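Asker: Below: one structure in structure tokens.
Read-outs: derived from the displayed coordinates by stated rules, not from any lab. As the structure is a computational prediction, the values presented were derived from the model and not from experiment.
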Amino acid sequence: EYNSSHKAATKSVIKKATDIDTQKILNEATNKKDLAISKNDPAKLLHSLRKEVTKSVNEVISTDSSKGIQRFVVFIDDLDRLVPVKAVELLESLKLFLDVPNCVFILACDYKIIVQGLSEKFNVGEGEVNGRSFFDKIIQVPYNMPVHLYNVDEYIKDLLAKISLNPNEKILPKYRSLLESSIGLNPRSFKRLFNSFLLLNM
């Protein structure tokens, strides 16, 4: 149960972890050359952020363990809404944080979008990209959503009814075929298309 103490603990971790003294990191540089490198080195700042996240999580768990806080679960959804290359870059940065103790990361994304991003980033054809090996380095327990269990025909029928179209059962497969060959069978894409149609109709 996510109660007020859990919410307070989450806010505490976020505040502590993001309150990084960037200037302190830069001051660690021993000469002008190191300073120039540090200023232009996001990797160094990311490592410092990881250190702060680890420290903050451990502090909160050791302080609030009596309240039932044993770990932090971080949900990262809608990665496929990013530009494919940006989604890949985000995953690459995220790799640094996946082994933070007492943290579990749950990622939700469209595998095809990541493959497309890898293809664009490394300027190769999608057939040449081994997206699965990229995922294997990040994901410990993969789970594919069983989209084939969606009752697509019923969903299309319901959406059509909402825009005052009630096709008979014989023509419904044609609607499905049209949608499948244009936007695919993603329910979110269905919803967006029908909402656009409704708006234009109004």
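Asker: Could you list which residues have their amide H under 5 Å from that of Phe105, counting only those 5 or more apart in sequence or on another chain, with H placed in the peptide plane?
Answerer: Val74
Asker: Would you pull out the residues with amide H under 5 Å of Leu98's amide H, same chain only if 5 or more places away, H placed 1.01 Å from N?
Answerer: Distant-sequence amide H within range of Leu98: zero hits.
Asker: Go through the stretch 109-117 residue by residue and turn each phi into a ³J(HN,Hα) via Karplus (6.51, -1.76, 1.60, θ = phi - 60°); whole Hz please, and just put x for glycine and proline.
Answerer: 7, 8, 4, 5, 5, 5, 4, 4, x
Asker: For the stretch 75-202, just say rounded, prolate or oblate: build the C-alpha gyration tensor, square-root its eigenvalues into a ≥ b ≥ c, call rounded for a/c under 1.5, and beyond that prolate if a/b exceeds b/c, oblate if not.
Answerer: prolate
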